[in-house]
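One structure is given below, encoded as structure tokens.
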Amino acid sequence: MAQNNYNGALQKPINSGFDAKSTASEVIQGIDLNGKVAIITGGYAGIGLETTRVLSSAGATVIVPARDMAKASKNLEGIVNVEIEIMDLTDPASIDAFAEKFLASNRPLNILINNAGIMWVPLRRDHRGFESQLATNHLGHFQLTARLWPALKKAEGSRVVNVSSFGHQIAPFDFEDPNFENREYETLQGYGQSKTANNLFAVELDVRGQDLGVRAYSLHPGSVNGTDLGREAPMALFQQMGTHDAEGNIYPEVTQKLKTTEQGAATNVWCATSAQLDHIGGVYCEDADIAELDEGNIEHRYDEPSTLRGVRPYSVNGKNARKLWTLSEQMTGIDFPAK
């Protein structure tokens, strides 16, 4: 009988043998990806770049869709088995063109890592009027996954990995006003609901895909040093969280507690490749293990990154997952029955 993670039914750590200090290279040890094909959005910067490097080192062919081709070419120089293609997650036509080109190659898709994202940006809308964090972090990846579905099924054993965040704890998904048309824009709320959407999408995608050999996961990579994810975030937000001083400098004691990009990419790689997940899906992971359900029993402190853990029940709720799927189809104009 098929299992699902509705309402966090499967959100229990499995003692994977890894922890917050484990690196992507350690997680991939002993895994042979020769002949496998992976697509990694945002696979040319931050933890995405490290994920690309590690999957490539294990033999996979990695395709990196990029909005900035020059930056991607420069950052990926020297990494073998990498193909770079143009794509913009906020441009539906661009997503369709990328997917059509890949499908035309007749290759199965073994791993899709929906890794690209933006965080804490000013209010922006795409040409459809959709708020940019929702459009980039969720809707673009929903469309990409739908368009690549034939190749994911063709692999007869594939995985879709949504890079979410502890930030999902900031906000549930607002089904009444997802695009901030009737409420004041708060960038934290926009980010939080987009990350909640990543989790709900993985929950429902796994339900619909597992009989077809497609499993799905979401994850928190950890608090990672050296990424450019927060490049547009107001410094006041970091200061409010207690991570930066009055001059805007991160406290050295906080820096020491952050993950490296090698550690930040570990859960990406674990979700994408670990045999420990062969018979389980739809779960939210962290520190290369399945996360604990957070029902108010975990104390969180932003100056103690190790406490930023757990998954909120609303972001793995079965009713919410089904409702978001329907809304995502309506917003993108895509029929995605996942059959």
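The values are calculated or read from the model by the stated rules, or taken from the named source; none is laboratory data. Keep in mind the model is a prediction, meaning the values are calculated, not measured. Note that we place each Cβ from the backbone using ideal geometry, even for glycine, and neighbour counts take in every protein chain shown. SASA here: full protein model, heavy atoms, side chains in, ligands and nucleic acids out. Shrake-Rupley method; radii C 1.70, N 1.55, O 1.52, S 1.80 Å.
Among ALA266, ILE298, ILE39, flag the residue with its Cα farthest along the positive direction of the charge dipole of the chain, charges on Cβ as +1 for Lys/Arg and -1 for Asp/Glu.
Of the candidates, ILE39 comes out farthest on the positive side.
Per the helix-only calculation at 222 nm, which mean residue ellipticity applies to the chain, given -39500 (n - 2.57) for every DSSP H run of n ≥ 4 and division by its residues, nearest 500 deg cm²/dmol?
Result for the chain, helices only: -9000 deg cm²/dmol.
Straight-line reach only, C-alpha to C-alpha below 21 angstrom: list the lysines that LYS257 could link to, leaving out same-chain residues fewer than 8 apart.
Of all the lysines, those that pass the test against LYS257 - Cα under 21 Å, at least 8 places apart if same chain - are LYS21.
Would you please name the GluC sites (Glu not before Pro) within the range 66-155 that are DSSP coil residues with at most 15 other C-beta atoms within 10 Å of their C-beta?
Filter output for the range 66-155: GLU77.
Between the range 114-156 and the range 315-331, what is the C-alpha centre distance in whole Å?
Centre-to-centre (Cα) distance: 14 Å.
Under 12 Å between alpha carbons, and skipping anything fewer than 8 positions from LYS323 in its own chain: which aspartates and glutamates qualify?
ASP174, GLU176, GLU204
Thinking of the range 261-336 as a set of Cα atoms, what percent of all their pairs are more than 18 Å apart?
Tail of P(r) above 18 Å: 58 percent of Cα pairs.
Over the alpha-carbon set of the chain, work out the extent along each principal axis and list the three values in angstrom, largest first.
Projected onto its principal axes, the Cα set of the chain covers 54, 46, 45 Å.
Using θ = phi - 60° and the Karplus curve 6.51 cos²θ - 1.76 cosθ + 1.60, what whole-Hz ³J(HN,Hα) does each residue of the range 162-179 get, with Gly and Pro shown as x?
Each residue of the range 162-179 in turn: 9, 7, 9, 5, 4, x, 4, 6, 5, 7, x, 7, 8, 5, 7, 8, x, 9 Hz.
Probe 1.4 Å, all protein chains in place: accessible area of ARG107 in Å², nearest 10?
Taking all protein chains as shown, ARG107 has close to 70 Å².
Given H placed on each backbone N at 1.01 Å, which residues far from VAL224 in sequence or on other chains put an amide H within less than 5 Å of it?
Under 5 Å from the amide H of VAL224: LYS259.
Take the cross-link list LYS36/LYS153; LYS195/LYS319; LYS12/LYS259; LYS154/LYS339; LYS36/LYS101 and give me the ones stretching past 21 Å between alpha-carbons.
Check vs 21 Å cut-off fails for LYS12/LYS259.
In sequence order, what are the phi-derived ³J(HN,Hα) couplings for the range 67-72 according to the Karplus relation 6.51 cos²θ - 1.76 cosθ + 1.60 with θ = phi - 60°, rounded to whole Hz, with x for glycine and proline?
7, 10, 5, 5, 5, 4
Scan around SER274 for amide H atoms under 5 Å from its own, H built in the peptide plane at 1.01 Å from N, and keep only partners 5 or more places away or cross-chain.
none
Could you give the distance between the Cα centres of the range 265-291 and the range 9-78, to the whole Å?
Their Cα centres are 13 Å away from one another.
With every protein chain in place, what's the accessible area of LYS154 (1.4 Å probe, Å², nearest 10)?
100 Å²
Report, by chain and number, residues whose modeled amide H sits under 5 Å from the one on ILE63, excluding near sequence neighbours (fewer than 5 apart, same chain).
Residues meeting the criterion, in which the H sits 1.01 Å from N, are ALA38, ILE39, ILE40, GLU83.
Top to bottom by accessible area (1.4 Å), largest first, where do ILE14, ILE47 land?
Final ranking, largest accessible area leading: ILE14, ILE47.
Counting other C-beta atoms within 10 Å, and keeping those with at most 12, which DSSP coil chymotrypsin sites (Phe, Trp or Tyr not before Pro) do you find in the range 124-232?
Here the chymotrypsin sites (Phe, Trp or Tyr not before Pro) that fit, given the DSSP loop and packing criteria, are PHE175.
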